[in-house]
Amino acid sequence: MANKENTEVLKDEALKKQSFLNILRASLPIIGLIIVFIVFNALTKGNMWTSRKLILNQIYVVLISAVGVFFVMTLGGLDFSQGSIMGIASIVVCKLSGVNMILAIVGGVVAGALIGAFNGYFYVNRKIKSFIVTICTMFLFRGFIKYMASNSPVAASMKVYDYDTTPIKLGITVAVLLISYVVFRFTKFGINLKAIGAGEKAVMFAGVKTDKVKFLIYVLAGAITGLAAFVNIVKNGSATANVGNQLETQILIALVLGGMPISGGAKVRFENVIVGSLLYIVLNNGLIMMGLTTQAMQLIQGVIFLIFVAIFADRENLSVIK
Amino acid sequence: MGEIRLQVIDVSKNFGITKALKNVSFNIDKGEIHALIGENGSGKSTLTNSLTGIYKKDSGKFILDGKEINPANQVEANNEGVSIIVQELGTLDGLTVAENIFLGHEDRFVKFGIKNTNAMNKEANELLKKYGFERIKASDMIENYNFEDRKLVEIVKATYFDPKIVVIDETTTALSREGREELYKQMNRIKESGNSVIFISHDLPEVLKMSDTITVLRDGVFIDTVRSSAIDEEGLKKLMVGREVTGGYYRSDYGEKVSSEVVMSVKNVTVPGLISDVSFDLHKGEILGFGGLSESGMHEVGKACFGASFDREGSVTLSDGTKINDIPTAIKHSIAYTSKDRDNESLVMNQSIRDNICLPSLTALANKLHLLSDRRLKKFANKYAETMSTKMQSVDQFVSNLSGGNKQKVVLARWLGKDSDILLLDSPTRGIDVKVKQDIYQLMDKMRKEGKSIIMISEELMELIGMCDRIIIMKDGKINGELERNKDMDENSLIAKMV
């Protein structure tokens, strides 16, 4: 009996140790965010805090589009076409902004959703790995963007500047985050999504229409980025040939910095999106304020990215990137 | 007692907080078949995996012929004279039969950095011939052969170099009758040559028949080593469980009339290459068994009835006229399915017990706004996990950490929660110990009495005979006979129709 109690105590201790490690892992991004923020404020002698509005202004587009990719990555897929989706949708928003602003928003969302459906069709129906499909669409639609915006940028109607206010941009961002959070945490759709990331075949055998879910997620990711394109145009007023360039990489880095396991599944948390996007933008701006060159910044980003992937990769589940 | 071949001294192994082995010590003699038995999670496989270098033990020693061995992987274990045949498929796709046999030992055929494929194939063919497996050709790709033949290749791979110890880990559950006979033959051959076999099996009659000595483990602790001639099945169960196993194992009723009400009608179902023209009716409150060799197509019958078969022809119709053609429709109409491939098709491994249990019931658990609350899901999962008396820390635990029996309990808890009326159970007790088996049989009997209908597909003839109202025997993808529940039925009457 004494022996049994003894093992119980050992078990408890081991459990505590394990859950401590898990908590540490889960809180690393947020601790990182706080530390990075304090360090950069100290290094820039408070410059970062004074220019917080400028920094906040940069976060909307990345944060909104990251939500869509977050869903895609939760089910174990990847999406590299986000930058091109942003580009096409931005051009559509510009062209339609002269007609009607509501139409411009809807147009952007529909354009994004259509490209998402294009991705989804090849991924789900033609069974091509998602990162191959989306790399192809990235180049394909980047080609269209260059064709349409190379000679001169596509300018939006001057009316868009009326919408360039913090309440509107912040409002759209918060609305997207809130709705997505509820869908992710408290609906069947959200739970199915995580389960597909953890083991698609068993989920199919539990009666989930996995193909339909996968297709819809790509459409949704496209649509959300289409909405982000409106915010982008409101901020910038026109779409150049480079609009949305490298957005996909920024999103990927942001999500990984937020602690997102790269193969999706059960360990994914919604906080990953928010903390990650904040951390990415603060880090980026901090480095710029420190006076680093673009080349040096890319180098540092690469190193940080690698470290975070190494920490958060779910090694039991790595083989299932779809 | 003969001379000692292997001494296991104070071996311990922990997985995180789980103590899989606690100071286990015993000896294995030369020229004996030494069985290792115990319930799921008792540490049998952990012990043999530590011996063969698949896991690294935490403490203790393995002493083989007076010399301590400490292999870091299977190839090193082979070189020390220890080999293993595992439960699941242990051969690799994309390689030839010969390459599989000599995997990790290719150096023997390499000269100046170039592999002599001909010499390798020649030697492999000679080995296959020696074992009497001439129909397997060394130069063929391994995936051209079925599960059974691949197991035979594994036997050659594990034994051709005359290892001093061969571990056979629950291999027989995956084999058909002929495959088992072949394995038994090889086990006896190894024994006669003076080498030793460590034999892990859940099938107690088989253990008693084949082994000379039996070591029992329980919860990672050594319980006893006994001579097979000095103990019977009941005695072994008692040692494994730690108390008397009371009550009937299977159902005990005979001659009960099954309702004539048909709940599911299967007509002319064909799945190309697997089953052809299968028709039968399932009645209310009936347990309908499907038996046959593992390649007979019986496993596909379960999938076909669940709407999960690819390219199925024919029809599966419920009493209300609903046609079952896809999985969501099947589940919506109260059909449950447990797969033979539990880890891939029945469970989401890297997911909590909670989500695994709730998965098909999410629509029912949502409120009017289609929202789900964590509390409600947890309560639901807890209720059914506890009904099944699943051993777990909490429902938030990942399924991948559970033992085989507890995994199956989670699968069954899921369908209990869904309150399914038709259950398609494919190999429900595969790789599961006595105690959990008994629980599952009792659950099936209870469900039957509640008017639920069960199709039980199994490779274990005794459980089909013990549990089913009717047994359909499959052969080569077709129905080859049907037997009614009968007190005097024995395995031979089934085998006659299987082969």
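Mind putting together the pair-distance distribution for region B:262-498? All Cα pairs, 5 Å bins, whole percent per bin, short to long.
Taking every Cα pair in region B:262-498, the percentages come to 1, 7, 14, 18, 19, 17, 12, 7, 3, 1, 0, 0.
So, with +1 on the Cβ of K and R and -1 on the Cβ of D and E, and no other charges, what is the size of the charge dipole of chain A about its Cα centre, to the nearest 20 debye?
So the dipole magnitude of chain A works out to roughly 380 debye.
Could you let me know the centre-to-centre spacing of region B:301-325 and region A:190-268, using Cα atoms, in angstrom?
35
Based on the mean of other Cβ atoms within 10 Å per residue, sort peptides B:61-71, B:389-399 so the most packed one is first. List each step's numbers first, then the result.
Details: B:61-71: 14.9, B:389-399: 17.5.
Going from most to least packed, we get B:389-399, B:61-71.
On a C-alpha basis, how far is the centre of region B:152-166 from the centre of region B:21-62 in Å? Whole number, if you could?
19
Quick one: angle between helix A:101-120 and the longest Cα principal axis of chain A, in degrees between 0 and 90, rounded to 10, please.
Orientation of helix A:101-120: about 50 degrees from the principal axis.
When Cβ neighbours within 10 Å are restricted to other protein chains, what is their mean count per residue of peptide A:207-220?
Mean partner shielding for this stretch: 2.
Note down the Stokes-Einstein diffusion coefficient of region B:140-232 in µm²/s, whole number, using a Kirkwood radius over alpha carbon pairs, 37 °C, and 0.692 mPa s.
Translational D for this selection: 227 µm²/s.
Report the Cα centroid-to-centroid distance between region A:103-122 and region A:23-73 in angstrom, as an integer.
Taking the Cα centre of each part, region A:103-122 and region A:23-73 sit 28 Å apart.
Return, ordered by residue number, the residues of region A:244-262 whose backbone nitrogen is under 19 Å from a label point located 7 Å along Cα→Cβ of B:S400.
Hits in region A:244-262 for B:S400 at 19 Å: A:259-262.
Between A:V303 and B:D419, take the C-beta separation as r, use R0 = 45 Å, and let me know the FRET efficiency to the nearest 0.05. Mind dumping the intermediate values first?
On the way: r = 54 Å, r/R0 = 1.20.
The value I calculate is 0.25.
Counting only other chains, and only Cβ atoms inside 10 Å, what mean value do you get across the residues of A:186-197?
Working: counts 9, 6, 10, 2, 2, 9, 3, 0, 5, 9, 1, 3.
Average neighbour count from other chains, rounded to a whole number: 5.
Between B:N268 and B:D326, what FRET efficiency follows from the Cβ-Cβ distance if R0 is 22 Å, with the result rounded to 0.05?
The calculated FRET efficiency here is 0.75.
Show the residues, 5+ positions off or on another chain, whose built amide H is closer than 5 Å to the amide H of B:R5.
B:I28, B:D29, B:K30
For the protein assembly as shown, what is the per residue volume of the convex hull drawn over the alpha-carbon atoms, in cubic angstrom?
Enclosed volume per residue, from the Cα hull, is 211 Å³.
How large is the Kirkwood hydrodynamic radius of chain B, counting all unique pairs of alpha carbons, in Å?
24.4
Using θ = phi - 60° and the Karplus relation 6.51 cos²θ - 1.76 cosθ + 1.60, list the HN-Hα couplings for region A:162-173 in order, rounded to whole Hz, with x at every Gly or Pro.
4, 8, 7, 10, 4, x, 5, 5, 5, x, 4, 4
Taking N as the number of residues in region A:177-322, what is its Cα Rg relative to 2.2 N^0.38 Å?
Output field value: 1.18.
When averaged across all projection directions, what area in nm² does the alpha-carbon convex hull of region B:244-301 cover?
6.0
Using a/c under 1.5 as the rounded threshold, could you call region A:33-320 rounded, prolate or oblate? The axes a ≥ b ≥ c are square roots of the C-alpha gyration tensor eigenvalues, and prolate needs a/b larger than b/c, oblate otherwise.
Oblate.
Just so you know, all these numbers are worked out from the coordinates, no wet-lab data involved. These numbers were taken from a predicted model, which means no experiment stands behind them. Note that each Cβ is placed from the backbone with ideal geometry, even for glycine, and that neighbours are counted across all protein chains shown.
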